[in-house]
Amino acid sequence: MQNELSPGAGAAPLLSRAAPSAEDVRTQLQRIITSPEFPPSGRGGAFLTYVVEETLAGRADRIKGYSVAVEVFKRDAGFTQDDPVVRIEAGRLRRILERYYLVAGQSDPIRIDIPKGGYVPAIGWNDPTPDTQIRPVVDDGSTATRPRRLFTRGWLILPLLLVFAAGSILSAWFFPIPWFGGPASDEPTLAIAQFANLGEGPRAESYTLGLTEELLTALPRFKEIKVFGRATSKSLSPEAGTSLVQTDLGTRFLLGGGVRVSGDLVRVTARLVDTQSGEILWSQIYEDNIRTRDQFTIQADIANQVASAVAQPYGIIAQVEAANRPPDDLGIQACMLAFYGYRAELSAERHAAVRACLETAVADHPTFATGWAMLSMVYLDESRFKFNTRNDASTPIERSLQAARRAVQQDVNNTRGLQALMTALFFSNQVPEALKVGQQALDINPNDTELLGEFGTRVAMSGQWRRGADLLDRALALNPGGGGYYHGTRALAAYMLNDTETALIEIKNADLQKFPLYHAVAAVIYVNAGMTDDARREATLFNQLRPDFIPNIVAELKSRNFQPADRARLIADIRKAGLPAADEVASTMMLPTDSSATLQPR
């Protein structure tokens, strides 16, 4: 009699070892889900049990996202792929299994994996011999799908994995940015509960439904988070408990609130809750007059304000994630958070680590659009800031353009990708094309403060200082605590607009002590304000950090697309601050004075 787990009719026979029996597989399943390494909360255990049991029963071909959603997550028959709950939980389960077999399950006899691209488990012996053909557990001869077994060399590669993992963890201790090593699905997850109707009658109900819909439109524009769709939102009542949300969805953050209409006033309360602790991380009250503004405008405006506060790169979720990341976190989200940490500081030290992290991320996940975008901006900094420049066959700007185009190819609506393309085009002296791409990105997500700040900077440096200042003001109003780089550019815009008071305030808000160009901007602002000693101090610091800049100041300013009159003003004030900067006329008359070809004004 044929073993119930042996290959069906027509299958190639095993060379030396039978497939695990159903009893063995169920024993291994219990060993995994009862292990201390397997999280007790969430639906991971139910998910894994369901797909394994379906495979043992010969129904592997029926394991689809829809069936998992209905059977495990109890979604109704109207479930669609707009709801990412299954994909997110599958990514989490893959990481749990990877960790389990790396830590507690090294010696387990059977290995269970969920290969990427589907939900059918691959099941086989954990220590296959070289002459053993590993097969997944299947039914008693049916035509069910037989997934290919992963890690067919098991113990041959396990020592290498352990060495790599140990090296990665040690690297995380010694460097500020942890090394990348996880699937591209570890972004923070957010669910939106239906807002409560705190008033009476259909008026408040209409505002409630409309606001939830606007939030479902505004929040997914931020690509650094994953937002559950309409199906999930409709299933979450205003009274949904955080523990229930975390258990059913595995969602870290829950956004909810209430709407009250009284007379001509509509009041919206919004709050963001950590489902793990039940703590309210953020709350806000919004009020508007329904007599002076129409319903759609009010709903869209409030939703945009909430989305900016919660989901922007320097917003509430990003702050919580950055504060709670373990030092040995190897995921893509750690790379993204590290990128924003680097952007806030702009130091050569952090640049090198972020570049390494992102290069590994996109190598492992070539469709990671946001990673390509961030890498594009990091590559560009090798050229414009002279951070860790490498002697590659291609220039930093060429690599930046290539990475930005990869980002946009992967996701044409990824605002970070469009931001990177805009910036790379700008530094390739394609200014009109750059600003056109920037405006396109802004049309997609007008609430992205990282994009707003970068676009405002490019507009300002191209000579449109007033418009650039307005864009930067908008970015800083939405996010007053983030982006020191943009405070610095706003200070420069104020200097160019002869607004000395604002320039002094903004340059102090920037406070980028490790960023060389910060000191150059501070020097010219202090010169303009009559603060000569401060100007000379900042100029000296700048020259120490970037000794190559002043001898090439005209080329440096041209590379940033400053207009001739703006270049002349900056050079004149740099000279007043004590640095020997040659103006454009003098720079054309420079001659080499010795064999080293050092250029000096004639």
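Tabulated data
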{"item": "Size of electric dipole in the range 189-321: Cβ of Lys, Arg +1 and of Asp, Glu -1, about Cα centre, debye, nearest 20", "result": "200 debye"}
{"item": "Contour minus Cα-Cα distance for VAL70 and ARG560 (0.36 nm per residue)", "result": "170.9 nm"}
{"item": "Principal axis dimensions, the range 348-416 - Cα atoms, whole angstrom, descending", "result": "30, 21, 20"}
{"item": "At R0 = 30 Å, FRET efficiency that the Cβ-Cβ distance of ALA529 and GLU213 yields, to 0.05", "result": "0.05"}
{"item": "Theoretical FRET efficiency, 1/(1+(r/R0)^6), r = Cβ-Cβ of ALA77 and ARG293, R0 45 Å, to 0.05", "result": "0.70"}
{"item": "For SER262, distant residues with modelled amide H under 5 Å away", "result": "ARG267"}
{"item": "Compactness of the range 317-443 as Cα Rg over 2.2 N^0.38 Å, two decimals", "result": "1.02"}
{"item": "Binned Cα-Cα distance frequencies in the range 189-321 - 5 Å width, integer %", "result": "2, 11, 23, 24, 20, 12, 6, 2, 0"}
{"item": "Computed lengthening from LYS436 to THR27, 0.36 nm per intervening residue step minus Cα-Cα distance", "result": "141.2 nm"}
{"item": "Part-to-part distance (alpha-carbon centres) for the range 202-242 and the range 345-370, which is given in Å", "result": "32 Å"}
{"item": "Label point distance in nm, ARG569-ALA300, each placed 7 Å from Cα along Cα→Cβ", "result": "3.5 nm"}
{"item": "Amide H contacts of PHE387 (H built 1.01 Å from N, under 5 Å, at least 5 apart or other chain)", "result": "GLU382"}
{"item": "Full-stretch length increase - ARG62, VAL412 - with 0.36 nm per residue and alpha-carbon distance subtracted", "result": "122.7 nm"}
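No value in this document is a laboratory result; all are computed from the given coordinates. Computed from a predicted structure; not experimentally measured. Note that we place each Cβ from the backbone using ideal geometry, even for glycine, and neighbour counts take in every protein chain shown.
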